[in-house]
Structure formats: C-alpha cells, structure tokens
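Input: a single structure, listed below in structure tokens.
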Amino acid sequence: MTAPMDTQKELVLYDTLTAKKHPFVPMQAGKVGMYVCGMTVYDYCHMGHARVMVGFDVIVRWLRQLGYEVNYVRNITDIDDKIIKRAGENGETIGELTTRFIDAMHEDEQALGCAVPDQEPKATDHIDDMQAIIDKLINKNLAYQGEGGDVYYAVDKFADYGKLSKRKLADMQAGASERVNEADDKHNPFDFVLWKSAKPSEPHWQSPWGLGRPGWHIECSAMSTCCLGETFDIHGGGHDLQFPHHENEIAQSEGVSGKTYANNWLHMGFINIDGEKMSKSLGNFFTIRDVLAKFHPETVRFFLLSSHYRSPVNFSDAALKESHTALSRIYQSLKAAESIAPICSSSKAWASEAGREFTQAMNDDFNTAKAVSVLFGLSGEINRAIKAGDEIQAQAFASTLKTLAGVLNIAQHNPSAFLQAKIGDEEDGLSDEMIEQKILERKDAKANKDFAKADQIREELKALGIELEDGRAGTTWRRI
C-alpha cells in the first residue's frame, strides 16, 4: 500500500554535487532512473558493501512507496586487476571466480532483505560500448594513446574536472610533483587510463588501439548510459567513490555528450572500525556472512538503518547487540499485540499521526533514523494500550507499526522466532538447546514445588542475557 501520491512533491534529496538539499524533480513525471556503483566480484562482500546494498534498497523502496516507477541499475565489475590476480592465485578461470562471487553476493543480499536490482549489467558485456565512448573522447581531443599503448583521459581538457569532490586540478597538480614518473607516458599525473594494453596471459579484447581491456572508470560510464541514457535522475555509491571514480565518470560522460550526466548524486557514509574506514585494502573488514553467522540478518539491517545513510557508522559486536536489543523491543510489542489477534497491514496507517511523521522523515533525504524513532513511539503506544486494557487501540497501533516498518523491510518476521535469535558468538552465551534444557529443569522444579530452585534458574538465565516469559501456552524466552 503506497503513501498518497501528493507526497512525491515533498521529497527532498541532498545532492553531493551542489552540497545542498533540494526538492526531487525526476526527468519524467512518475519515473526514476537510478544507477549505483556495485561490487568488484573477487571476494565475499563486506559490511561496507552491506551498507550500500541496504541503503539503496531502502531508497528504492521509499521511491516506490511514493508511487514512482523505479528503474534501479547496479553494475557488476567482473574484469579488474584484483580479479585477474585472484583467479591466477586460485588456479581458476576469471569466469569461474566471478560467477562464484556473484552468486555469493546475491545470497548475502537476499539474507539482508534486499530486492535484486532491476538491471545488473556486467562490465564484460559492454566492451563495445566502452570502446565507442573512448573513440569519441579521442576524436574530441579529450583522450590520447600513450607510447606504451594505454589510452588516457586528459583531465586538463575538461574544464569542470573536480566539481563533484570540490577539488581543483591546479591545487592537486601543485602537490603532485613527487608523483610524476619520467618513464610514465601520461601527459599529466592525474590523467587516468581508459584502455589498458594487454599483458602476456591476461584476458584481452581487440580494439582500435590494439589488444587490451578497459580501465575501471570507463565501465560505469558505458553501463549507466546504456541502461538509463546520457542523463538520468540519480547516481549513487559509497562515499569513497566520489574521487576519483565518480569524478572520472563525470569527465568521461559529460565530455562525450556535452550534457549533465546525473541530476542527483547520493553517497553512503563509511562503516568505520576504530575510527578507520572498513576496507579490504586496510585489512580491517568483516564479511557479511561472517557477521550473519553471529547475528540475525534483520539485526544487521536494523543496525544499518538506525543511522542516516550519509552518516559514518561505527561497527562493533557491541553496537550490533544494542541494535538487536532495540529491535527486540519492537518485536516484543508486536508479540503482545499478536496474542490478542493477528496483525494486519492497513492503508489507514499512512493517514495516522505516526504515518505522517514517518513520511516526513523519509521525505527528508531518506532519514531512516527519524523513521525508526517513529516505530519506537508506536511500540510504546502498543504497550501502554495493552496495560490499559484497550485491545482495540493496541491492535490499531500494531497495524500501523507493521505497515510503516514494512517499507523498511523490518519487523515482518515471526516475533517469537526473532526474539529467540542468537546474539553474538555461541561461546558468549547459552545455545538454544541449553536454554530449553534449563526451562525443562525449571518446569520440573515448579512441579515439585521447589520454587526457590525455579527462581534461581530464572535469575541465572537472566544474568546470561535470557529472559523467560510465562504464559498460558507455557514458558517462552528471548535474548536481552
């Protein structure tokens, strides 16, 4: 069920290029074309990738909630220095390596509750398109072939170079004197490669400039424009891609077309470990599947949505445990409401005060942090209504909560199943089987009227982060 269509005009985005918020106006009424830079598939995805997956998944979900028809494109880089190196180390073909990690990426994405993009172009399927752009850039004197055979983009020929990252080429050049290598055949140390001449035993394609393969930046210019046209509504990616990747995309694409490349630029904030950006190059990364082995996937999704997408997030087990506890509060309220009657989604949710607050938050540059606070408010209202014996009001609040949370794709699981989910390492607490055994021991103690022992077991479990709840159907438990 979608929010009222008139809320479309209220959607405001923060554009990285202008460094300002402004009302979102799509090129074509009711339709949105969005391109997001995807993964280089040579290894398992890490938590930095998870933030991009989840962040843009929610952006797409909200755009659709507003009634937009969204064409969500996210590319796959399946030819790259790291891919070639890893395939060689493993003794497998590049195709075998990339297929395996594309499948793994989709598994991680599905586990995190993300919908698959509408289009997922692979770089190797667009070599001809890349060559066509390079040829036009050479003809416009924006690119040249060096003595070694590589083709470069001449950054000083593009007047707006640096406009996205707010860097001036002259300032960068002034500080780059020590980077200049006399043996380098670049005209400028900041010129970047468009086409790499083939090295022995590397994969290659025929081209007007000899055997070779594309540079990284040209891939996205080709795939985005092939899928969405020379100008499209939204371009997104991680914060670290602003320079040089997105800057170079703009230079290539606008250099060829003479048109604005993307009307809005959205960038996800970093995932930090001890104040440093999480990345494979720094060796401080955690794969998504490593984290999902310890925490419920929805806990991870909730953790990522609890901060605004542009803000940096500090990752730790402690932070994930806090997120699990917070989400458990919502599930606990839904569980209490479900004990009265099944909870159904309702179109009335959007017209409620909470629905208007939620919509206002999401229309303010997709502010999921504020939207989540609305859900906590509803959770509290459910608890107060149940305590007051107002079952009808409790059900109304629960229906609203579940409807609004559905747009974020959270709080849709069976409450009891989530509340029993593992939190952290197995050795950090009791396994499910051990908990069930303790509950049986407590049940036997109560049957023998040994209430002191029953109370002792309850307190022991609570000290280990397990809370028991006695009800008509027996004893249930949750991790706290």
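The values are calculated or read from the model by the stated rules, or taken from the named source; none is laboratory data. What you are looking at is a predicted structure, and each value in this text was computed from that prediction instead of being measured. Cβ placement follows ideal geometry from the backbone for every residue including glycine, while neighbour counts extend to all protein chains displayed. Note: areas computed on protein heavy atoms with side chains; ligands, DNA, RNA excluded. Shrake-Rupley method; radii C 1.70, N 1.55, O 1.52, S 1.80 Å.
In terms of its Cα atoms, region 300-387 spans 39, 29, 19 Å along the principal axes, sorted from long to short. Cross-link reach is defined here as a Cα-Cα straight distance under 30 Å, omitting same-chain residues fewer than 8 places apart; for K462 the lysines meeting it are K294, K321, K335, K387, K402, K422, K438, K443, K446, K449, K453. Label-to-label distance for K199 and E467 is 5.7 nm, based on points extended 7 Å past Cα in the beta-carbon direction. In region 14-71, with Lys and Arg counted as +1 and Asp and Glu as -1 at Cβ, which of these residues, A29, G48, V70, has the Cα nearest the positive end of the dipole, that is, farthest along it? The residue sitting farthest along the positive end of the dipole is A29. Mean residue ellipticity, 222 nm, helices only, the chain: the sum of -39500 (n - 2.57) across DSSP H runs of n ≥ 4, divided by residue count and rounded to 500, is -14000 deg cm²/dmol. What the phi angles of region 201-215 give under the Karplus curve with 6.51, -1.76 and 1.60, with θ = phi - 60°, is a coupling list of 6, 7, x, 7, 10, 6, 8, x, 10, x, 5, x, 8, x, x Hz, glycine and proline written as x. Ordering I457, I386 by accessible surface, largest first, gives I386, I457; the 1.4 Å probe counts only protein heavy atoms, with every chain in place.
At 1.4 Å probe size, with the rest of the protein present, what percent of the exposed accessible area of the chain is carbon and sulfur atoms?
About 49 percent, which is the carbon plus sulfur part of the accessible surface.
Each of H187, A405, A341 was scored by the projection of its Cα onto the charge dipole of the chain, and the greatest displacement toward the positive side belongs to A341; charges sit on the C-beta of Lys, Arg, Asp and Glu. Its Cα centre serving as origin, the chain has a Cβ charge dipole (Lys and Arg +1, Asp and Glu -1) of approximately 1380 debye.
When the chain is described by a simple charge dipole with +1 on each Lys and Arg Cβ and -1 on each Asp and Glu Cβ, the residue from S307, C226, L378 located farthest towards its positive end is L378.
When the trypsin sites (Lys or Arg not before Pro) in region 132-177 are filtered for DSSP coil states and for at most 15 other beta-carbon atoms within 10 Å of their beta-carbon, the remaining sites are K140, K166, K168. Using heavy atoms of the protein chains and a probe of 1.4 Å, the accessible area assigned to S339 is about 100 Å².
By DSSP, the beta bridges lying fully in region 1-116 are antiparallel in about 40 percent of cases.
Here the chain carries DSSP beta bridges of which approximately 55% are antiparallel, counting only pairs with both residues inside. Each Lys and Arg contributes +1 and each Asp and Glu -1, all at the Cβ; summed about the Cα centre of region 7-98, the dipole is approximately 580 debye.
Remark: accessible surface ordering of M27, M172 (largest first) is M27, M172, probe radius 1.4 Å. Rounded to the nearest 20 debye, the dipole magnitude of region 87-214 is 680 debye, with +1 charges on Lys and Arg beta carbons, -1 on Asp and Glu beta carbons, and the Cα centre as origin.
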